[in-house]
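Here is the structure we will look at, set down as structure tokens.
The values are calculated or read from the model by the stated rules, or taken from the named source; none is laboratory data. Note that the coordinates shown come from a computational prediction; the quantities given were computed from them, not determined experimentally. Using ideal geometry, Cβ is built from the backbone for each residue, glycine included, and neighbour counts are taken over all protein chains shown.
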Amino acid sequence: MGGVVRQRGVAILAYLIAGGIVLAMLGGMVYKVRQSGYDKAVTEYQPKIDAAQQQISALGEQIGVQNRAVQALAAESAAKLKRAQDALKAGQGAAQAARSEAERLKVLAGQPQAPSACPAQAAVEEVRKGLRQP
């Protein structure tokens, strides 16, 4: 009986080895099929991938140009705002000076004039005095 078990073990071992070889061959064939499909896909899609990468690079460069243009516009806008604020400040100062001068002249107009050779001469002198002040 021991010989029968031993023969069955050898037969099972032979079947296992043969099955392993068949599986290895099938695995090799599957790998080749997958590899050929991969190569076909790479061949088919590589030009599309390259074109997409070039388009991405071009768009990136465009974005860079636009960002620099936006920065330049922002700097220009800030400079214009500063000039406008300076002009507003100067205008407000001039308006205050004009209001002060108008008030001074109103006060002068309300005062009685002393008789003199030319009544307008004193008023002209007062106006000229206001013009000389900074």
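Residues that are more than 30 Å from Val127 (Cα to Cα), of a type outside the set (Gly, Ala, Ser) and at pLDDT 85 or above do not occur anywhere in segment 95-114. Here Leu73 passes the criteria (1) outside any helix (DSSP H, G or I); (2) hydrophobic (A, V, I, L, M, F, W, C); (3) modelled with pLDDT of 90 or more except the one numbered (1). Among the residues of segment 28-65, those that are among the hydroxyl-bearing types (Ser, Thr, Tyr), over 29 Å from the mean Cα position of the chain (by Cα) and surrounded by 10 or more Cβ atoms within 10 Å (Cβ to Cβ) comprise Tyr31, Ser36, Tyr38, Tyr45. Within the bounds of segment 29-50, is there any residue that is hydrophobic (A, V, I, L, M, F, W, C) and modelled with pLDDT of 80 or more? Yes: segment 29-50 contains one or more residues that are hydrophobic (A, V, I, L, M, F, W, C) and modelled with pLDDT of 80 or more.
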